[in-house]
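Visitor: Take this structure first; my questions come after.
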Amino acid sequence: MILLENTVTASPEQWRAAIMGARNPMNSWDKSDSAFWPGHMNIGENDLGLMKRLVAAGTDHSKFMRFLPVTVDVTAPLYWLKEMDTYKVGTVANSCSTMHKIQAKEFTLEDFSHEHCTTRSMELLMRTVKYLNEVRDLYVNYEIHDNNGYRKPTKKEVWWQMIQLLPSSYNQKRTMMLNYTVLRNIYFARRDHRLDEWHDFCKWIEKLPFSELITLEK
């Protein structure tokens, strides 16, 4: 499961800067046919054609793509976020903290990606969720629990049980900033990946403004 929300793309001013940057090497600013006004833009055929040619020529020639940021809120399982961390260069991310907030709310099945789980796997997941909540209750109400004469685990030891037992299917929210260059790298590296989350992410890329700059075949 992956949820992509609150997408914010490059402003007209950022597109204008990207186009001017693309035209700098040949001093061809007079050939620009795009129009910009507050909050709006119209990318001309000359400019779009130039950008496509530069993208086709390779990353050394398409540096203007780095001028085009995209921010998005992503909710996805830890196993997908681990793969997304491959793309560190050109990205910025702030995640909800598992270390600090794992105990903040009761665990539910909806906190996990389980759309492909079999009946038996669902039974195991439900048992895991139940146990995680038992440990969470012990952690949250630590001071009032009785150890019945046995050595009482420290609060940190209780916390470790949640951290190390947490399945990689646990969904975490992350706010990310990327750019068109990074998204192009992701698109061609992951569009045929076996994880559904990558397919959905690539479909999201295809809906971005002028996504043909990202998806243009190499």
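The values are calculated or read from the model by the stated rules, or taken from the named source; none is laboratory data. As the structure is a prediction and not an experimental result, all values here were calculated from the model. All Cβ positions, even for glycine, are placed from backbone atoms using ideal geometry, and neighbour counts span all protein chains on display.
Visitor: Just one of the numbered conditions (1) modelled with pLDDT under 90; (2) hydrophobic (A, V, I, L, M, F, W, C); (3) surrounded by 13 or more Cβ atoms within 10 Å (Cβ to Cβ) is not true of Ile144; which one?
Guide: (3)
Visitor: Go through the stretch 122-133 and give me each residue that's surrounded by 12 or more Cβ atoms within 10 Å (Cβ to Cβ) and either without any contact (Cβ under 8 Å) to a residue 24 or more places away in the chain or farther than 17 Å from Ser169 by Cβ (or both).
Guide: Just the residues of the stretch 122-133 that are surrounded by 12 or more Cβ atoms within 10 Å (Cβ to Cβ), to begin with: 122, 124-126, 128-129, 131-133.
Answer for the stretch 122-133, where residues must be surrounded by 12 or more Cβ atoms within 10 Å (Cβ to Cβ) and either without any contact (Cβ under 8 Å) to a residue 24 or more places away in the chain or farther than 17 Å from Ser169 by Cβ (or both): Met122, Leu124, Met126, Val129.
Visitor: Only one of Asp73, Asp85 is of a type outside the set (Ser, Thr, Tyr), at pLDDT below 95 and farther than 17 Å from Phe210 by Cα; which? Don't jump to the end; show me each part of the working.
Guide: Working: Asp73 fails: at pLDDT below 95.
Just a single option satisfies the conditions, and that option is Asp85.
Visitor: Suppose we keep only residues that are surrounded by 13 or more Cβ atoms within 10 Å (Cβ to Cβ) and of a type in the set (D, E, K, R) within the stretch 32-48. Which one would you say is farthest from Leu213 (Cα to Cα)? Steps first, please.
Guide: Just the residues of the stretch 32-48 that are surrounded by 13 or more Cβ atoms within 10 Å (Cβ to Cβ), to begin with: 32-34, 36, 41, 43-44, 46-48.
Now restrict to residues that are of a type in the set (D, E, K, R): 33, 47.
Details: Asp33: 18, Asp47: 12 Å.
For the stretch 32-48, the residue satisfying everything is Asp33.
Visitor: So, one more: Residues of the stretch 34-70 being assigned to a loop (DSSP other than H, G, I, E, B) and of a type outside the set (Val, Ile, Thr), which ones?
Guide: Taking the stretch 34-70 and keeping what is assigned to a loop (DSSP other than H, G, I, E, B), we get 34, 38-39, 43-44, 58-62, 68.
Across the stretch 34-70, the qualifying residues are Ser34, Pro38, Gly39, Gly44, Gly58, Asp60, His61, Ser62, Leu68.
Visitor: If you go through the stretch 177-189 one residue at a time, do you hit one that is of a type outside the set (S, T, N, Q), surrounded by 12 or more Cβ atoms within 10 Å (Cβ to Cβ), free of Cβ contacts under 8 Å to residues at least 24 places away in the same chain and in the same structural domain as Pro12 (by the TED database)?
Guide: yes
Visitor: Go through (1) of a type in the set (Val, Ile, Thr); (2) modelled with pLDDT of 95 or more; (3) part of a loop (DSSP other than H, G, I, E, B) one by one and return the number of the condition Thr128 breaks.
Guide: All conditions pass for Thr128, except number (3).
Visitor: Could you list all residues from the stretch 201-218 that are under 17 Å from the mean Cα position of the chain (by Cα), assigned to a helix (DSSP H, G or I) and loosely packed, with under 15 Cβ neighbours inside 10 Å? Walk me through how you get there before you give the answer.
Guide: We begin by selecting, within the stretch 201-218, every residue under 17 Å from the mean Cα position of the chain (by Cα); these are 201-208, 214.
Filter again for assigned to a helix (DSSP H, G or I), leaving 201-206, 214.
Residues satisfying the conditions are Lys203, Glu206.
So that you can scan it fast, the table gives a plain yes or no per residue for (1) closer than 27 Å to Thr7 by Cα; (2) in contact with a Phe, Trp or Tyr (Cβ under 7 Å, 6 or more places away or on another chain); (3) surrounded by fewer than 10 Cβ atoms within 10 Å (Cβ to Cβ):
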| residue | (1), (2), (3) |
| --- | --- |
| Trp29 | no, no, no |
| Ala56 | yes, no, no |
| Asp60 | no, no, yes |
| Glu106 | no, no, no |
